[in-house]
Amino acid sequence: MSAVRAWARDLGVGARFALAGGRSGWARTTLTAVGVGLGVVVLLLAASIPSALEARAQRQDAREIGQGTQVPPGPDTVLVLSADTEYRGRTVEGRQLQPDAGEATTATPPPGLDAFPAPGEMVVSPALGRLLDSPDGRLLAERLTYERAGTIAPEGLSGPAELYYYVGTDALGDNAVRVDEFGHRTMGEPLSPALTLLVLVICVGLLMPVAVFIATAVRFGGELRDRRLAALRLLGADMTMTRRIAAGESLAGSLLGLLLGGAGFLLLRQYLSGVTVLDISAYPADIVPEGSLILLVLITVPASALAVTLFALRGVTIEPLGVVRHAEGRPRRLSWRLVPVLLGLGLLVPLVSSFSAADDGTLTQAAVGIVLLLAGSTIVLPWLVERLVGGLGGGPLSWQLATRRLQLGSGPAARAVSGITVAVAAATALSMLFSGVRSEETVETGQDPDRAQLEVFAPLTNGEDSTRLIGALESLPGVEGALGMVTGSGVGLGGSAYQSTVTVGDCGTLRELTELAGCSEGDVFFVDDGEFAPRPGDRLDLSGEAGGDQAVVWTVPESIASVGSRPDPGGTTRSGIFATPTALDPELLAGASTSVLLRLDPDDRDTVERVRNVAWHRAEQAAVWEMATERPSWNIERIQTGLLVGATGVLLLIGASMVVTTVEQLRERKRLLSALIAVGTRRRTLSASILWQTAIPVVLGLTMASAVGTALGALLMGMVDLPVGDWSAFLPMAVVGAGVIALVTLVSLPSLWYVMRPDGLRTE
């Protein structure tokens with residue numbers, strides 16, 4: 001018989017045992033399928049990310065407009081102006097549309113619209129419509145007071161949770177962009193080497209625990225399976241045949257896991273459209289794995305089941321009368337377990353200070369090095385657990401039961417925590433690298449949120465509108481203080497041919513802008529900018545057009561005094577003339593702009609939205625900024641979003657996988673636990689022993705993960721020339737890992753109490 005036929009026959013026999021092996025066989029196969037299925041769901045979701053991002057980008061590009069080239073007006077052209085706003089931390093994007101030909105336009109509406117909205121009408125995304133209709137969107141509804149005329153179709157939105165709208169108008173001016181079609185390819189900012197490495201580590205670090213768990217799941221029920229294989233040896237099967245039959249059982253479980261994972265993926269993606277993380281969402285049709293990645297999953301998962309099973313049986317002697325695994329075997333050797341670690345270090349160390357994001361070979365080398373180093377931690381863990389528990393003894397009965405169990409066979413306990421070990425190691429390295437990259441990609445704003453929390457800027461056309469805006473903002477509930485200033489320009493007349501910025505505000509405002517020794521109404525000051533200094537008696541035209549027909553002449557008073565400048569709460573340092581309203585009526589300033597710095601009640605979250613409403617209705621194209629001492633780059637915020645989504649999914653997988661692993665181990669020990677209960681062992685003692693059996697490998701695994709993660713993080717930061725600023729990044733990661741394990745242990749206690757019954761000794 002050929003080798004291929006022998007393999008097919010033996011694998012088929014193993015599959016029959018898995019599917020028709022009675023209740024015990026079905027239980028093991030089900031646990032394996034569930035474990036593999038959980039991993040497959042995560043792998044398919046990860047494989048869907050490229051297509052989901054591409055579909056999102058295509059819909060966004062289809063509605064964009066080019067900003068560089070203006071087209072002449074015609075029947076098929078449209079004026080477009082941005083009308084974005086923000087509501088409770090979420091961006092609300094909008095566009096004002098004005099067809100040049102009015103109702104007779106032949107222009108094609110943007111994607112998602114059947115026709116252009118009429119002036120005063122608004123077409124909204126479904127998510128924005130729901131928000132406006134809800135009590136939570138009351139303040140936003142006060143801002144967007146247009147008549148609602150329809151809903152944007154999915155092809156016009158980046159995702160189902162996007163807040164987007166179009167509004168028709170007939171009042172757009174020169175600041176609008178005229179286009180004859182919608183659709184413009186936008187190019188994102190290129191990633192720096194540090195950001196590229198961060199993305200690489202995120203991908204590897206989030207997927208490694210999935211691979212580890214799948215490798216663990218295919219080994220469920222190994223001890224019970226080996227006893228069944230001993231019966232086959234009694235019937236005449238040789239060692240090679242029994243190992244292939246065992247591999248067939250694992251293969252059947254992994255194939256069922258593939259089916260279960262595929263079904264779970266199809267079911268889960270229907271609900272993902274309702275999940276929004278930092279304004280990012282996706283339609284179910286977007287979440288489609290790429291064909292090559294699907295093929296990779298379909299090949300890798302069964303292949304890993306075969307390889308892991310055959311590898312696990314290499315040191316097990318299955319004889320007709322039993323399995324030699326229960327005898328004391330040779331101690332685990334460290335030498336070969338260090339090979340992946342050393343290879344990983346050998347690949348990463350040469351990249352220190354020489355990592356290049358543009359070199360595919362360098363990226364591959366870094367990825368392989370990270371995988372080997374993280375995989376090496378899981379391979380070394382069983383050796384570490386065996387060595388350290390070997391010398392444990394004494395103590396209370398529960399401790400003795402736990403340590404003796406680990407001394408007899410620590411492999412299952414070490415495998416159970418291998419996934420969390422990899423996750424904590426990767427998360428520690430990510431935390432260190434992310435902290436360094438964030439500091440490099442973050443810009444110091446110079447703003448002082450202690451002096452003001454909000455700034456409103458409005459390009460108003462005259463001082464009268466400016467003073468009305470300042471008064472409206474000052475009177476809002478939740479505004480504890482306002483520093484309002486009106487800024488225009490003055491052009492020197494006669495022999496004083498210079499131009500100076502003119503800022504009008506009360507004394508409280510001027511004290512925030514300049515270094516005043518004293519101030520009273522009627523005072524005028526100037527900050528020398530090093531070029532021109534106004535002198536008493538100089539005449540300035542405040543219309544901004546010297547010699548024009550509408551000149552507004554103001555004479556610099558004799559009392560003008562020179563002062564120093566200081567940055568305002570927004571970080572801006574100003575120069576020029578500073579006057580109180582009594583000395584210079586702000587309504588004389590033509591072409592003025594208004595800035596208002598606001599101190600807010602920290603307990604009233606709606607104050608910001610009320611400020612935005614006032615600015616929205618009183619000043620076209622007004623901008624509202626929240627003060628912050630620093631602002632991260634757009635790229636780092638996108639990466640942080642991906643990290644949050646991926647880490648959440650991996651933590652959920654780890655929690656679910658550990659529950660499955662714990663239930664499987666309890667099922668294998670059912671007869672042993674039942675025997676101990678039958679001879680009078682207290683349930684409390686057995687429960688404590690099970691907890692000790694979990695806690696000892698967990699502490700060792702988290703300790704090793706913290707060391708590996710810290711070393712990997714330091715290496716990665718050295719690769720992109722970033723200083724290591726936080727050597728304690730492992731602490732929060734270890735606490736999270738311990739919390740997940742503690743939660744899983746609590747969840748598995750009911751299963752433990754269920755199997756601790758004397759009738760568990762019953763055998764069919």
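Key figures
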read-out: Number of positions in segment 93-108 that are surrounded by 19 or more Cβ atoms within 10 Å (Cβ to Cβ) and of a type in the set (Gly, Ala, Ser); value: 2
read-out: Criterion (in the same structural domain as LEU483 (by TED's automatic domain parsing), β-branched (Val, Ile, Thr) and out of contact with any Leu (no Cβ under 6 Å at 6 or more places or on another chain)) met by exactly one of VAL552, VAL608; value: VAL608
read-out: Single residue of THR145, THR105 found to be within 24 Å of GLU620 (Cα to Cα) and not small (Gly, Ala, Ser); value: THR145
read-out: Looking only at segment 447-493, and only at residues there that are among the aliphatic types (A, V, I, L, M), closer than 20 Å to VAL553 by Cα and modelled with pLDDT under 90, the one that is farthest from the chain's Cα centre (by Cα); value: LEU493
read-out: Residue under evaluation THR503, criteria (1) modelled with pLDDT of 90 or more; (2) outside the structural domain of VAL611 (by TED's automatic domain parsing), criterion not met; value: (2)
read-out: Residues located in segment 132-150, provided they are surrounded by 16 or more Cβ atoms within 10 Å (Cβ to Cβ) and assigned to a strand (DSSP E or B); value: ARG148, ALA149, GLY150
read-out: Condition met for SER751 (more than 20 Å from THR421 (Cβ to Cβ), among the polar types (S, T, N, Q) and modelled with pLDDT of 70 or more); value: yes
read-out: Residues being touching an Asp or Glu at 6+ places or on another chain (Cβ under 8 Å), in a strand (DSSP E or B) and either buried (at least 20 other Cβ atoms within 10 Å of the Cβ) or not assigned by TED's automatic domain parsing to the domain that holds TYR146 (or both) - total across segment 109-131; value: 1
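For (1) buried (at least 19 other Cβ atoms within 10 Å of the Cβ); (2) part of a helix (DSSP H, G or I); (3) in the same structural domain as GLU142 (by TED's automatic domain parsing); (4) β-branched (Val, Ile, Thr), each residue gets a yes or a no:
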| residue | (1), (2), (3), (4) |
| --- | --- |
| ALA15 | yes, yes, no, no |
| TRP26 | no, yes, no, no |
| VAL42 | yes, yes, no, yes |
| ALA46 | yes, yes, no, no |
| ASP61 | no, yes, no, no |
| PRO72 | no, no, no, no |
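The values are calculated or read from the model by the stated rules, or taken from the named source; none is laboratory data. As the structure is a prediction and not an experimental result, all values here were calculated from the model. Glycine gets a Cβ as well: all are built from the backbone with ideal geometry, and neighbour counts include every protein chain shown.
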